[in-house]
Amino acid sequence: MNIAEQVLNIGKRARTASAAMAKASTDQKNRALRAIAQLVRQQSAMLKAANAEDLERARLNGLEPALLDRLALSDKAIETMAEGLEQIAQLPDPIGEMTDFKNRPSGILVGKMRVPLGVVGIIYEARPNVTVDAAGLCIKSGNATILRGGSEALRCNNALAKLVAQGLEAAGLPADAVIVIDTTDRAAVGTLITMAEYVDVIVPRGGKGLIERISKEARVPVIKHLDGICHVFIDEFADADKAVAIADNAKTHRYGTCNTMETLLVHSAHAPSTLAKLVEIYGNKQVELRGCQRTLARFPKLLAATEEDWSTEYLAPVLSIKLIDSLDEAISHINHFGSHHTDVIVTENHSNAMRFIREVDSASVMINASSRFADGFEYGLGAEIGISTDKIHARGPVGLEGLTSQKYVVFGHGEVRQ
């Protein structure tokens, strides 16, 4: 059986499983999630051993440090996976929820019911935690899912897939509700994103090249973001201590994530003190700083930023800095150079804060908080299947509701149309 035939067979199995998942009870789904969480904790040593093999092979293959960081599975990461599953189990089940009812003059009652999407294909790179996060969200939202992880995490993903299958079966649900494609052949992706008869939506999580390829070649709807060029704007009316803490955390908490700040915009009123403190902090943490000409005039030891820097996602200890003179300038810069992912204003001025969140066209817009909070777990979604910068069908961190659709339901008493 060739690769295309293998993936088509997986699609058929997932489609069959999706019917069982759509009618699964909330109790069944929650039992499966808790069983998987328990197995993840119990088998942590096995998971770390598999991950160690993946990491060693990735280092030998020259994987970049930022991607190695994403690939690593620590005790904390394993516990976070288990907690994420338990948090999903505690969330209300969206499936079957009926809302927006209206009585019509004809006598019928019209409303909407929330339903699963069906089969969700998820393609991701070097992130073994995605296997569990995605499985958990798809299980709770009544979907089946086909997971295609990066070759870098093959051993760990396969180990996690076995635990997920055990948890599903323990709750009386089909193991085929979550299937991990265990081949590293790129042809598997080409088949997965074109078999519209078996897959209802594709969610790519990875580098810009992967997502551009999938967006171009897919014959299935795609939920995606290409890159995370996130900004923090320190407004004229910012509290200096808040500004320093937020700008430091947004950049240095983790370098290789899509919600990490890549450009710092600073009102010129804060250049003498607030920016000076941040330059010192970043220097102590070995963050390479690239400044505009006005920034260089004050801090001549920094590197000069190019036009390309303003639209670059570094995923590394590199930061571009620009001094500006107004809120209008900040909003214009973000909407022009940003990727519509996550942008932050630090300010004590309510009017400026409200203008910023209204006018900045991004999936997450924040006031006085680090961009690192743009995450499904932090938003209370239990986990996220990805972050969407599209406006249809979902936007921002995609949790349970983003994995569902709605259908109209009509209640009548024998009415006929006149």
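The values are calculated or read from the model by the stated rules, or taken from the named source; none is laboratory data. None of these values were measured; they are calculated from a predicted model. Cβ coordinates were reconstructed from backbone atoms using ideal geometry, including for glycine residues, and neighbour counts include every protein chain displayed. We work out accessible area using only protein heavy atoms, side chains counted, and drop any ligands, DNA or RNA first. Shrake-Rupley method; radii C 1.70, N 1.55, O 1.52, S 1.80 Å.
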Please determine whether any residue of the range 276-291 is open to solvent by less than 30 Å² (accessible area, probe 1.4 Å) and either more than 29 Å from Asp375 (Cα to Cα) or modelled with pLDDT under 95 (or both). no
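Okay, residues lined up against (1) touching a residue at least 60 places away in the same chain (Cβ under 8 Å); (2) polar (S, T, N, Q):
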| residue | (1), (2) |
| --- | --- |
| Leu296 | no, no |
| Leu302 | no, no |
| Thr312 | yes, yes |
| Ile321 | no, no |
| Asp325 | no, no |
| Asp328 | no, no |
| His333 | yes, no |
| Gly338 | yes, no |
| Thr342 | yes, yes |
Under 7 Å between Cβ atoms, which residue pairs at least 6 apart in sequence (or on different chains) link something in the range 218-235 that is touching a residue at least 24 places away in the same chain (Cβ under 8 Å) with a partner that is buried (at least 22 other Cβ atoms within 10 Å of the Cβ) and acidic (Asp, Glu)? Ile229/Glu262; Cys230/Glu262; Cys230/Asp343; His231/Asp343
Considering only the range 212-247, state which residues are part of a loop (DSSP other than H, G, I, E, B), among the hydrophobic types (A, V, I, L, M, F, W, C), open to solvent by less than 50 Å² (accessible area, probe 1.4 Å) and in contact with a Ser or Thr (Cβ under 6 Å, 6 or more places away or on another chain). Ile223, Ile229, Ala238
Out of (1) part of a loop (DSSP other than H, G, I, E, B); (2) surrounded by fewer than 20 Cβ atoms within 10 Å (Cβ to Cβ); (3) at pLDDT 95 or above; (4) small (Gly, Ala, Ser), the one Ala49 does not meet is (1)
Just checking, does the range 112-124 include any residue being open to solvent by 60 Å² or more (accessible area, probe 1.4 Å), in a strand (DSSP E or B) and more than 25 Å from Arg13 (Cβ to Cβ)? no
Number of positions in the range 364-379 that are open to solvent by less than 30 Å² (accessible area, probe 1.4 Å) and over 22 Å from Ala353 (Cβ atoms): 1
Hey, His336 surrounded by fewer than 22 Cβ atoms within 10 Å (Cβ to Cβ) and either over 17 Å from Thr252 (Cα atoms) or hydroxyl-bearing (Ser, Thr, Tyr) (or both) or not: yes
When the residues of the range 382-401 are narrowed to those that are at negative phi and without any contact (Cβ under 8 Å) to a residue 60 or more places away in the chain, which ends up least open to solvent (accessible area, probe 1.4 Å)? Pro397
If you check Val410, Val416, which single one turns out to be touching a residue at least 60 places away in the same chain (Cβ under 8 Å) and over 30 Å from Ala247 (Cα atoms)? Val410
From the residues in the range 402-418 that are among the aliphatic types (A, V, I, L, M) and not in a loop (DSSP other than H, G, I, E, B), which one is most open to solvent (accessible area, probe 1.4 Å)? Val410
Residue in the range 282-311 that is nearest to Ile324 (Cα to Cα), counting only those that are among the small types (Gly, Ala, Ser) and in a helix (DSSP H, G or I): Ala297
For Ser141, are the conditions met, namely being modelled with pLDDT under 95 and touching a Ser or Thr at 6+ places or on another chain (Cβ under 9 Å)? no
Scan of the range 78-97 for residues that are open to solvent by 10 Å² or more (accessible area, probe 1.4 Å) and touching a Lys or Arg at 6+ places or on another chain (Cβ under 9 Å), ordered by number: Glu79, Glu86, Leu91, Asp93, Pro94, Ile95, Gly96, Glu97
